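First comes the structure, then the notes that go with it.
The values are calculated or read from the model by the stated rules, or taken from the named source; none is laboratory data. Since the model is a prediction, treat every value here as computed from it, not as a measurement. Cβ placement follows ideal geometry from the backbone for every residue including glycine, while neighbour counts extend to all protein chains displayed. Only protein heavy atoms, including side chains, enter the accessible area calculation; ligands, DNA and RNA are left aside. Shrake-Rupley method; radii C 1.70, N 1.55, O 1.52, S 1.80 Å.
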Amino acid sequence: MGLGKAVWVALRVLGVVVAAAGIGLGAWALHTILDIKIRGTVVLGVLFLEADKEILWRRFFDAAIGSQMRIWVAISGASFSFLAGIFLVLSMKIDRLKLTHYALIPLEFLSMFAMAAAFGASLSFAIKLDSACIRLDTSSSPDLSAFKTLCPLSKGYSIGNGTGGFLIAVTSLIALLTVCARSRAPESCSFEPTASGLGMGHGYEAVVPTMSRTTIPTIYDPLKPVPGTPRRPLREDEIGLVKKGAVMGVRDSIDGSQRRSMEAEISGPLGLQKPEVVKNIRAKRPWSEMPKREAVE
């Protein structure tokens, strides 16, 4: 793995960790808001605070309860980025899960947009709650101190989501640049073997191919004489066969000479002659030239 790919994987893993932290902070904020919704009015009624302080706390409670939808949006975006980041990290390590650039780039940008939505929702939640967190008195009750922890929590929540969105945006940009560089790189169409493929290296000679055997093994023939031995005399049956073959050869030659002489006697336009000569040649018709029998009176 190269240095650039290692940095890429490290940024993705860090983005996954930040997204998981964002999910945890969102769950904590929702738990605190639910506690305010259930016990906030009861706590204010038991403490008997001053009118101006009670108004500030009620304003804070209303702002916190009215921000539940923003927190749910932030949790949803961080959850999608978390799952997509885990899948992308596994796809770089496992060949079965490896994605093509047609699926990699859209998934990267969807994760980036989801984390950006989480950052926007958490930032709006922090801005809305920041104006209500001013001049809140927590000295009268520990419950009010627990409720006020929502103020720093909202700020940390928005900062964490912003950091995660930045990391995922960087990884998405790196993925896009990598795909563009691969598409523009010229493909090698050369089929020439390299020196390493031929077994040649620095200071080493080429691999000498093995020589084929000069004598090819064949099936043993007991009738074939061993090379170097004298030729054995012919047997009686072999002598008769040789004479018969010679007589047949002479007969064939005689038949061939007779056939040529017969072809020479054939009349007709069988040779390469002029058309004027061939046209006047008439083939012999012995059946028409035979003497006719005289009619008997």
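Tabulated results
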{"read-out": "Every residue from segment 11-29 that is free of Cβ contacts under 8 Å to residues at least 40 places away in the same chain and within 22 Å of Glu108 (Cα to Cα)", "value": "Val17"}
{"read-out": "Which numbered condition Leu144 fails, given (1) touching a helix residue (DSSP H, G or I) at 6+ places or on another chain (Cβ under 6 Å); (2) open to solvent by less than 50 Å² (accessible area, probe 1.4 Å)", "value": "(1)"}
{"read-out": "Condition check for Trp8: hydrophobic (A, V, I, L, M, F, W, C), assigned to a helix (DSSP H, G or I), open to solvent by less than 40 Å² (accessible area, probe 1.4 Å) and farther than 30 Å from Arg135 by Cα", "value": "yes"}
{"read-out": "Among the candidates Thr41, Thr32, residue that is at pLDDT below 85, farther than 18 Å from Leu104 by Cβ, touching a helix residue (DSSP H, G or I) at 6+ places or on another chain (Cβ under 9 Å) and among the polar types (S, T, N, Q)", "value": "Thr41"}
{"read-out": "Candidate set from segment 56-79 (those that are within 16 Å of Lys148 (Cβ to Cβ) and open to solvent by 70 Å² or more (accessible area, probe 1.4 Å)); member that is nearest to the chain's Cα centre (by Cα)", "value": "Asp62"}
{"read-out": "Checking Pro152 against (1) of a type outside the set (Lys, Arg); (2) surrounded by 14 or more Cβ atoms within 10 Å (Cβ to Cβ); (3) more than 16 Å from Gly15 (Cβ to Cβ), the condition it does not meet", "value": "(2)"}
